[in-house]
Amino acid sequence: MILSPSQIAELTALMRAHGVDTLEISEGADSIRLVAAAGAAAAPAAPATAKATAPGVGTFAPLACPGQAVQPGQVLGTIDAGLVRRPVTAPCAGTILRLLAEPGSLAGFGTPLFEIN
Amino acid sequence: MSIVTLERARVTPCGGSALLLEAEGDLTLPTQMGIWNIADEIRDWPGVLDLQPGMNNLLVVLDPVEGDADATAARILARWQDIPRTRTLGRLIEVDVVYGGEGGMDMQELCDIVKLTPAEVAARHAAPEYVIFAPGVSPGFGYLFGLDQRLFCPRRQVPVMRPAGGGVAIGGAQSNLGAPIRPGAATMNPTGWYVIGRATNPPVPFDLDYDPPNRVSLGDRIRFRIERLDA
Amino acid sequence: MIEIIETAPLNAVHDLGRLGTRCYGIGRSGAMDRVALAAGNAMLGNDANAAGIEVQLFPIVLRFTVDTMVAVTGADAGALLDGVPVPAFWAMPVKAGQELELVSPADGMRSYVTVAGGIDVPVVLGSRTTALRDAFGGFQGRALKAGDMLPIGAAPALAAREAAGFGAASPWHAVTRPACGDAAPDDITLRVVPAGEYEQYDEPSQAALWAQPWTVTTQSNRQGYRLQGDKALVRQPLEMRSHGIVPGVVQVPPSGQPIIQLSDGNSAGGYPKIGVVIDADLWRVAQAAPGRRLRFVPCTPALAREAERELAHYLDTLRRQSAWVRRAA
């Protein structure tokens, strides 16, 4: 296949953002046709967001705050258990929109903690 | 000048994991021999990390977790009562000194305090045979015992910077001799002592190419010879 | 190897210091904040006494020539790994070619960079610590400068469960703060065992030692900290016999304003000593910047030993728990 699922997701988001409902891409003998579901084109042009999640169980301690620009892989906060702190990292570059959990709250594996623009 | 003298020996804590044994009475050579002897024994006691003889005193550094300061203090004091106070002294080192002048920049200041002339200070300083009593603040000849009482002089209230390398100085009831400067080492040192002369041929007391690196030992003797007295 | 790309003066290689050398007139030296150095080593699974880089003047920029794992502990100096912020008390895998910069601490004085396997400079008189004044030990007996290449000791290849590494609770959070009734929250409280000459101070001076804050002056470095208090410590002038002194000794020169002797302090001296800060609290002193207020709390050798055990427990626990989030690469 010429596109990975994440690339398809990215293209779909772009189509929605720009009100495009059909997209055809071909490369050599392969071709792909993306069609937006009915009504999708009418959705508001919301920017794509990503979430930084907890790597395991522990107490959430944020290090970064909303409005802060972050780099991919940057440690935004920690999940503390005992004396050890595991990192909550930014999945992509962007700006922190908001915290999704209270500082000091208990988080489990995959708990979303930051929303990033 | 009044010097702290204890009627009875005591051991006091230096924090949680070090002890200071201070001997009774005046500063003497037999007492120091007792200090060297007890240091040799304590070195093998459990929980002892390091030892440092001073002037009729001994610092014992303990392991902060394993060492038992209270029990060790009692044991040191008990052993001090009957430790032998005799020992053979070491070799004689002879050192030529230019007293006063550029190298002995504090001579006149000391003369003013002890009320002697530079010639008298030099003669009295060069008369006795000194004994290396204790390690000093850097690798070298340590603290020397044997200073003429007329030359006792309280340390300065505020330390001053003085050139390193062969300095002959007086501080309190003690004298010392600075080691030659090692390559890369500091050329000036802070001191509260009065530098009255400079050795022209000091031997090297410490050399890392040797194991152990010390080329002089506690109990070695030093005699200063007046090479010249500069104004 | 670790290449020094850029460094402020007076940053040097240290381990926990030199023992058994007092007979030569050589003091212990060693890291000022030994807990931060030991914490870094615990996080990396190193020998507790492995050597690291003590950074006391900023900035410093390091480049790694091999893939390895490093820890940055002590004062939070706003570390950046290839420009990406690194949290305080943090261990992480690094790739050959990556650069670590320690910018400047907002709080605290000294940061430590440790590496898996330790900095492998030669052991001189039982230690890798730099004896700066006597010019031996550490890296060529001197402070680091740009262009220096520091060898790294052998260590098993390590990785962390997460690529970004992991952190540790700092001793400021994990170790009990010495209790001092009316100390301000920002005051650094220190336990002090009264020393030989304590009884010779007049009663107002003894009271002032415990009751008043002592401000760290700018005349403070690895040799010692000069303190300033409202009331000076008063005592009959007496000439002391020179004796060995340990880091932590609170000496009182004739001015009556005390000096705490520290890692590179003189190994012997003759000023009277009113007390000694216990070993287990010296790491706190190491992080006290000029202007910071210190408060002294009376202590005994037995209580000092308890404090030392608490520190040992913190480091042992950190070592064990770090192993859970680290794995062989």
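The values are calculated or read from the model by the stated rules, or taken from the named source; none is laboratory data. This one's a predicted model, so the numbers in the text were calculated from it and none came from an experiment. In this analysis, Cβ positions are derived from the backbone assuming ideal geometry, glycine residues included, and neighbour counts consider all displayed protein chains.
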(message) Going by what's in this entry, would residue C:238 be described as more than 14 Å from every other protein chain (Cβ to nearest Cβ) and in contact with a strand residue (DSSP E or B) (Cβ under 9 Å, 6 or more places away or on another chain)?
(response) no
(request) Within region A:64-111, track down each residue that is more than 9 Å from chain C (Cβ to nearest Cβ), farther than 21 Å from residue C:85 by Cα and part of a strand (DSSP E or B). (result) A:106, A:107
(request) Pick out the one residue from C:62, C:100, C:57 that is free of Cβ contacts under 8 Å to residues at least 60 places away in the same chain and part of a strand (DSSP E or B). (result) C:100
(request) Would you kindly identify the helices (runs of 4 or more DSSP H) lying entirely within region B:57-146 that contain at least 2 residues that are assigned by TED's automatic domain parsing to the domain that holds residue B:40 and out of contact with any Asp or Glu (no Cβ under 6 Å at 6 or more places or on another chain)? (result) B:69-82
(message) Pairs needed: first member in region B:5-18, more than 7 Å from every other protein chain (Cβ to nearest Cβ); second member anywhere, surrounded by fewer than 24 Cβ atoms within 10 Å (Cβ to Cβ) and among the aliphatic types (A, V, I, L, M); C-beta distance under 6 Å; at least 6 residues apart or different chains.
(response) B:11/B:73; B:11/B:76; B:11/B:77
(message) Among the numbered criteria (1) modelled with pLDDT of 90 or more; (2) touching a Lys or Arg at 6+ places or on another chain (Cβ under 8 Å); (3) surrounded by fewer than 15 Cβ atoms within 10 Å (Cβ to Cβ), which one does residue B:211 miss?
(response) (2)
(request) Could you check, for region C:242-251, whether at least one of its residues is within 7 Å of another protein chain (Cβ to nearest Cβ), hydroxyl-bearing (Ser, Thr, Tyr), crowded, with 22+ Cβ neighbours inside 10 Å and outside any helix (DSSP H, G or I)? (result) yes
(request) Answer yes if at least one residue in region C:298-319 is closer than 22 Å to residue C:225 by Cα, in a helix (DSSP H, G or I) and more than 8 Å from chain B (Cβ to nearest Cβ), and no otherwise. (result) no
(message) Condition (residue is loosely packed, with under 15 Cβ neighbours inside 10 Å, on the phi < 0 side of the Ramachandran plot, assigned to a loop (DSSP other than H, G, I, E, B) and within 14 Å of chain B (Cβ to nearest Cβ)) applied to region C:136-147: is it met by at least one residue?
(response) yes
(request) For residues that are more than 27 Å from residue B:215 (Cβ to Cβ) and in contact (Cβ under 8 Å) with a residue 40 or more places away in the chain, scanning just region B:152-172, find the one that is surrounded by the fewest Cβ atoms within 10 Å (Cβ to Cβ). (result) B:152
(message) under 21 Å from residue B:170 (Cα atoms) and either more than 14 Å from every other protein chain (Cβ to nearest Cβ) or touching a Phe, Trp or Tyr at 6+ places or on another chain (Cβ under 8 Å) (or both): which single residue out of B:84, B:53 fits that description?
(response) B:53
(message) Can you tell me which condition residue C:280 does not meet? The list is (1) within 13 Å of the chain's Cα centre (by Cα); (2) within 8 Å of chain B (Cβ to nearest Cβ); (3) assigned to a loop (DSSP other than H, G, I, E, B), and all the others hold.
(response) (3)
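This table checks each residue for (1) in contact with a Lys or Arg (Cβ under 8 Å, 6 or more places away or on another chain); (2) at pLDDT 95 or above; (3) part of a strand (DSSP E or B); (4) buried (at least 23 other Cβ atoms within 10 Å of the Cβ).
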position: C:121; (1), (2), (3), (4): yes, yes, no, no
position: C:129; (1), (2), (3), (4): yes, yes, no, yes
position: C:173; (1), (2), (3), (4): no, yes, no, no
position: C:182; (1), (2), (3), (4): no, no, no, no
position: C:191; (1), (2), (3), (4): no, yes, yes, yes
position: C:208; (1), (2), (3), (4): yes, yes, no, no
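Condition check ((1) surrounded by fewer than 23 Cβ atoms within 10 Å (Cβ to Cβ); (2) among the hydroxyl-bearing types (Ser, Thr, Tyr)) across all residues:
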position	(1), (2)
C:274	no, no
C:281	no, no
C:291	yes, no
C:295	yes, no
C:298	yes, no
C:302	yes, no
C:305	no, no
C:317	yes, yes
(request) Of all residues in region C:197-214, count the ones that are in contact with a helix residue (DSSP H, G or I) (Cβ under 9 Å, 6 or more places away or on another chain) and hydroxyl-bearing (Ser, Thr, Tyr). (result) 2
(request) Report yes if residue C:212 is more than 11 Å from every other protein chain (Cβ to nearest Cβ) and surrounded by fewer than 22 Cβ atoms within 10 Å (Cβ to Cβ), otherwise no. (result) yes
(request) With respect to residue B:180, determine if the residue is in a loop (DSSP other than H, G, I, E, B) and in contact with a Lys or Arg (Cβ under 9 Å, 6 or more places away or on another chain). (result) no
